[in-house]
Amino acid sequence: MTRPGRLLAAGLLMTALVGTALTGTAPPAAAVVVDDQPTATIALTSLGPAVVDPAATLTATGTITNTGSVPLEIVTARLSLVRDQLGTRAEVGAWDDGTDQRTGTVVGSPLDVQPRSIAVGASAPFTLAVPAGALGLAGRSFGAYGLAVEVRAQGELGRQQVGRLRTTVQWQPGPKQYAAQQLAWLVPITGVPAGADGADPTPTQLAAAVGPGSRLRRLLDAASAPGVGWAVDPALLQTLGSATNPAPAAPAPTATPTTGPPDAAGAATVAAFVADLRSAAAGRVVVELPYGDPDLAAVTAGGRADLVRAAQAAGAGIVEQVLGVTPVTGVAWPADGWAGDATLTGLARIGVTDTVLDARSRRLVDVLPYTPDARTDLAPGLTGWLADPVLGSLAASPARGVLPVQRVLAETAAAFSERPGLTRRTLVALPRGLDPDPAAFRALVQAVATAPWVSVVPATDLRRDPPGSGSDGSADLPRLAAPTPAAVSRAQLSTAHVAAVRRTRSVLSALGEVVADPAAVTSPLQRSTLSLLSCSWRGRPGDLTPARGAVAARVRELGDHLRVLPSSVNFLTSSGRLQITVINELPEAVSGLRLRLTSTNPRLRVTGGDVTTPDLAPGTRAQVQVPVRALGSGMVRLDAQLVSPSGRPLGRREQVSVRAQPTGTWALGVVGALVGLVLVVGLVRALRRPRRRLATGAGG
C-alpha cells in the first residue's frame, strides 16, 4: 500500500475510534481489505546431499522472486523440518500437495537475503546450510522427512511469511544394510512421423522429426540414460531405416513420374539418428511392440485379436535388423495402460505373455497397507507389469530441478519404510508421446541409481517372482479390473474405423493369394493399414479419417488392376458357355484367380460355381468360359466379380449384359413362321383358282 493510502486508512481508523468514544457504541464489523500483499516465489536449484547422514551438511540453494505488487523489505530465508518420519507414500503425497498442515520446526539460522529490499519482479539468490547435528534427527529412523524453505519479509503488520516451498530430505542415521527396493524404467520409443495423404514420409519430413530440437531426438537423448529400458515400435524403425537404406522399388502399376534429386541432407540426418539409436540400444533391454503400436482395446473389441497377431508378424525381425539387439517379444502395452478382461483374454489367446498396465487399472480385492510388487498374474498365461502412476507422472513432468528428484527419492524411501526387509519391484513406465527435458530426466535416473535403498533392474525381471524369501506373494493376490477412465475410453479408436481397416486389409489379403510375389505387391500397404490402428491416432478422428481414406484409395486402385471387361453378349442356345474377358494390369503374374458370375434374373442361370481363370502374365488378358443355361428370352444382366481362391472379392464388380434366346424358343418361332407362310400361300392360291376357271369358260 502506498504512503497516501496508509495515511488515508489511518485517518479512517481514527474517525471510527472517535465516533465510538462519542456514541459509546462499537462500530459495525467490516472486512479489512489490503490491496498490496507482499508475496514471493521460491525456486530451488540444488538440495544436497540426497541422503543426509550425521556427518553431512544439508545445503539448499535457490532464488527468491518478488511476485507481489510492493517491494520485499528486510527479506530472510530459513529451513523448517518436520521431525516425524513420512513413513508411507500417502504421507509423502500429503506433505507435498499441502494437505499436511504441519509447519515443522525451524532448523539452523535464518539467512539475511541480499539485497535487503527486492523490487517487484526482481530476484535474489540464497544459500542455506545446516549441519546434520542441527536438524534434530539424531535417533530417528531412516526415511523421508518433510522439509520447507520459508521466506519472510516486513509487512503491514510486522514480519510475515511471504513464500514457502515444500520438499523432503532423506535421513540415514548410520551405516545400514538395505533389502533394496528394485526399480525398472521403461520408455516407449514410438510415434511414426506422418507423410502426406497417407503416403510414407519423405526424408525431409523424417529429418524434421528426428533432427536437432525434435521430440524424438530429445526422447533418445533422455532414454539413453543407463539402466533405462525401451519399448520400441518396429514401424518407426522400419520407416527410419527405409529412408537411409531404401530397398529397390517394385514397378508401380501406374507410372507416377518423380522430379528432383534425392534428399541427401535429410537422409543423412535420419542416418545419424539411426546410428545413435543403434549405439544406445547396445546392452539395453529393448521390448518389441506389435507393428504400429496398435490400440489394443480397440482392435480386440468383439473378441477378435487377429489384427494384433498380424501386427506381431509384421514387426518380427525389424528391431534386430535395425538396432542390432535381440528384442524381448510377447509383450503388449495397452494405450495409457488400461485394458479390460476381454482384451487381456484375447491377447493371451494369441500368445502374448506379458502386458504393461497402469497399477490403478487392476485394484487389489484386499487393500494392502504398503506398496505391493509390480508383478501380478492375470489371464491364464499372462503376466501383468503394473506401472506406478505417481512415479511415472513425476518422471514425465516437464518440471526441472530439484523437486521432482526429491519427490521420487521420498516416494521410494517411503515404500521401503512401509515394509522394511521386504523386497519388491517398482515399474516406472513413461507415457507415449513423451517430450522430455533430457538433462532433467537423466539427472532423475542418476539420482535414483545412486540411492542406497534402490536397485535398478531390467523390466524383464517382472517375468519372475520377487527374489529372496521376503516375497509377500502379492502377485498371486486377486485383483479386479477397475473402470476405465472416461477420457481413456473417449480417445479409443472407433469400432467403425477398425472395421473399415479390416475391409481394406481383406482386399490386400485377396491380392496376396493370387500374385506371384505378395511381398512386393501388398506388404507396404499391409503395413500402412496396420499403422492406421496405432495408439498415436487416439483422440484425433479429424486427422485419422482422411489418412484412412487415402490408404483405402491406394488399395482400391491396386485391386482394380485385376478386372473383368464389361461386355454385351447374344446367347442363342438353351445351354452353353459365355465367354468373359479378364484383364491383369498388375506388374506381377497372377494365378489361381477365379471368376464369379451371379445372375439377377431367372431367365438365365449360371450352372457352375466360380471358374478358375488361366494364369495371367503382367499386362495380359484371357478369355474365361462360364457355363450357363437360358430358361427364357430377354435381356439379363450378370454381376461379374473376380475373387481369390478363398472367395475374397478383388477389384470392381462389373456387369455383363446377355440377350438370351434359348434354342427351343427361336426354333418354334421359325416353324411357326413357316407354317404361317404355307397357310398364307395356300389361301392365296385357293382364292385365285375360281377366277382362273371363270376366265377359261368365257373364252370357250
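The values are calculated or read from the model by the stated rules, or taken from the named source; none is laboratory data. Note that the structure is a prediction, hence the values are computed from the model and not measured. Positions of Cβ are backbone-derived with ideal geometry, glycine not excepted, and every protein chain shown enters the neighbour counts. Surface accessibility is based on the protein's heavy atoms, side chains included, excluding ligands, DNA and RNA. Shrake-Rupley method; radii C 1.70, N 1.55, O 1.52, S 1.80 Å.
Once amide H atoms are placed 1.01 Å from N in the peptide plane, what residues at a sequence separation of 5 or more from Arg362, or on another chain, have their amide H within under 5 Å of its amide H?
Residues meeting the amide H criterion: Ala482.
If you plug each phi of the stretch 77-94 into the Karplus form 6.51 cos²θ - 1.76 cosθ + 1.60 with θ = phi - 60°, what whole-Hz ³J(HN,Hα) values come out, in order, with x for Gly and Pro?
Along the stretch 77-94, the couplings run 10, 7, 10, 10, 10, 8, 8, 9, 4, 7, x, 9, 5, 5, 5, 4, x, 5 Hz.
Convex hull volume of the Cα atoms in the chain, per residue, in Å³? Don't skip to the answer; put the middle values down first.
Details: hull volume 236.0 nm³, N = 700.
In the chain, the Cα hull volume divided by residue count equals 337 Å³.
Rounded to the nearest 10 degrees, what's the angle between the helix 306-315 long axis and the longest principal axis of the chain, both from Cα atoms, 0 to 90?
Between helix and principal axis, roughly 80 degrees.
Among Val488, Thr545, Pro54, whose Cα sits farthest toward the positive end of the charge dipole of the chain (+1 at Cβ of Lys/Arg, -1 at Cβ of Asp/Glu, about the Cα centre)?
Value: Thr545.
On the full set of protein chains, 1.4 Å probe, figure out the accessible area of Glu91 and give it in Å² to the nearest 10.
Near enough 80 Å² of accessible area.
How far apart, in nm, are two points set 7 Å out from the Cα along the Cα-to-Cβ line at Asp615 and at Asp53?
8.0 nm
HN-Hα J couplings of the stretch 68-76 from phi, Karplus 6.51/-1.76/1.60, θ = phi - 60°, integer Hz, Gly and Pro as x?
For the stretch 68-76, the Karplus-derived couplings read x, 10, 10, x, 8, 10, 6, 7, 10 Hz, x marking Gly and Pro.
Within the stretch 53-77, what residues put their amide N at less than 15 Å from the label point 7 Å along the Cα-to-Cβ vector of Asp112?
Once the point is set 7 Å along Cα→Cβ of Asp112, 73-77 turn out to lie under 15 Å by backbone N, inside the stretch 53-77.
Please report, largest first and rounded to whole Å, the three semi-axes of the ellipsoid equivalent to the stretch 444-524, where each semi-axis is the square root of five times an eigenvalue of the C-alpha gyration tensor.
Values: eigenvalues 408, 99, 54 Å².
Each semi-axis is √(5λ); the values are 45, 22, 16 Å.
Over all distinct alpha-carbon pairs, what is the Kirkwood Rh of the stretch 50-179 in angstrom?
Working: mean 1/r = 0.0634 Å⁻¹.
Taking every pair of different Cα atoms in the stretch 50-179, averaging 1/r and inverting gives 15.8 Å.
Placing unit charges on C-beta atoms (Lys and Arg positive, Asp and Glu negative, everything else neutral), compute the dipole magnitude of the chain about its Cα centre in debye, rounded to 20.
4240 debye
So, for the stretch 415-491, what is the accessible surface per residue at a probe of 1.4 Å, expressed in square angstrom? Let's see the in-between values first.
On the way: 3430 Å² over 77 residues.
For the stretch 415-491, the solvent-accessible area averages 45 Å² per residue.
If I model a spin label at Val367 and Ala119 as a point 7 Å from the Cα along the Cα→Cβ vector, what separation in nanometres do I get?
With each label point 7 Å from Cα toward Cβ, the separation is 5.4 nm.
Any idea what the dipole of the stretch 295-400 comes to, in debye rounded to 20, about its Cα centre with Lys/Arg Cβ at +1 and Asp/Glu Cβ at -1? Present the calculation step by step, with values, prior to reporting the outcome.
Values: 8 positive and 11 negative charges, 21 e Å.
For the stretch 295-400, the charge dipole is close to 100 debye.
Using a Förster radius of 35 Å, what is the FRET efficiency between Gln623 and Ala553 based on their Cβ-Cβ separation? Nearest 0.05, please. Please report the intermediate quantities before stating the final value.
On the way: r = 31 Å, r/R0 = 0.88.
Efficiency, rounded to the nearest 0.05: 0.70.
If you take the Cα atoms of the stretch 384-497, find Rg, then find the Kirkwood Rh from the mean of 1/r over all pairs, what is Rg/Rh? It would help to have the intermediate numbers written out before the result.
Numbers: Rg = 16.6 Å, Rh = 16.5 Å.
That ratio is 1.01, to two decimals.
At a 1.4 Å probe radius, carbon and sulfur cover how many percent of the accessible area of the stretch 362-405? Let's see the in-between values first.
Numbers: 1140 of 1940 Å².
Of the solvent-accessible surface of the stretch 362-405, carbon and sulfur hold 59 percent.
With contacts defined as alpha carbon pairs under 8 Å and 6 or more residues apart, what's the relative contact order of the chain in percent?
Working: 1403 pairs, mean separation 78.0, N = 700.
For the chain, the relative contact order is 11 percent.
Going 7 Å from the Cα of Arg360 in the Cα-to-Cβ direction, what parts of the stretch 485-499 have a backbone nitrogen less than 17 Å from that spot?
Only 485-492 fall inside the zone, counting backbone N under 17 Å.
With θ set to phi - 60° and the Karplus curve 6.51 cos²θ - 1.76 cosθ + 1.60, what are the ³J(HN,Hα) couplings of the stretch 113-118 in order, to the nearest whole Hz, using x for Gly and Pro?
Couplings: 6, 10, x, 6, 10, 10 Hz.
So for the pair Arg502, Val569, with labels modelled 7 Å out along Cα→Cβ, what separation do we get in nm?
3.5 nm
Mind listing the long-range amide H neighbours of Gln655? Cut-off is under 5 Å, sequence gap 5 or more, other chains count too, H placed in the peptide plane at 1.01 Å from N.
Here Ala640 satisfy the definition.
For the stretch 295-429, evaluate the Debye formula with one uniform point scatterer on each Cα (no solvent term) and list log10 I(q)/I(0) at q = 0.15 Å⁻¹, rounded to two decimals.
Relative scattering, expressed as log10 I(q)/I(0), comes to -0.86.
Between Leu427 and residues 5 or more places away or on another chain, which pairs have amide H atoms under 5 Å apart, with H built 1.01 Å from N, and which residues are they?
Result for Leu427 returns Ala184, Asp388.
Pulled fully out, how much extra length does the chain show between Ser141 and Asp560, if you take 0.36 nm times their separation in residues and subtract their Cα-Cα distance? Kindly include the intermediate steps, with their values, before the conclusion.
Numbers: separation 419, 0.36 × 419 = 150.84 nm, distance 7.57 nm.
Difference between extended and current length: 143.3 nm.
Using only Cα atoms, what Kirkwood radius does the stretch 129-224 have, in angstroms? Don't skip to the answer; put the middle values down first.
Working: mean 1/r = 0.0507 Å⁻¹.
Its Kirkwood hydrodynamic radius stands at 19.7 Å.
Percent of alpha carbon pairs in the stretch 377-417 separated by more than 13 Å?
Summing the P(r) of the stretch 377-417 above 13 Å gives 62 percent of all pairs.
Within the stretch 268-294, find all residues whose amide N lies under 15 Å from a label point positioned 7 Å from the Cα of Ala208 along Cα-to-beta-carbon.
Flagged as within label range: 270.
For Thr545 and Gln321, what is the calculated FRET efficiency with R₀ set at 35 Å and r taken between the beta-carbons, to the nearest 0.05?
On the way: r = 33 Å, r/R0 = 0.94.
Working from the Cβ atoms, E equals 0.60.
What number comes out for accessible area per residue over the stretch 500-555 if the probe is 1.4 Å? Units Å², please. Intermediate results must be reported in sequence, preceding the final value.
Working: 2060 Å² over 56 residues.
Roughly 37 Å² per residue, with all protein chains present.
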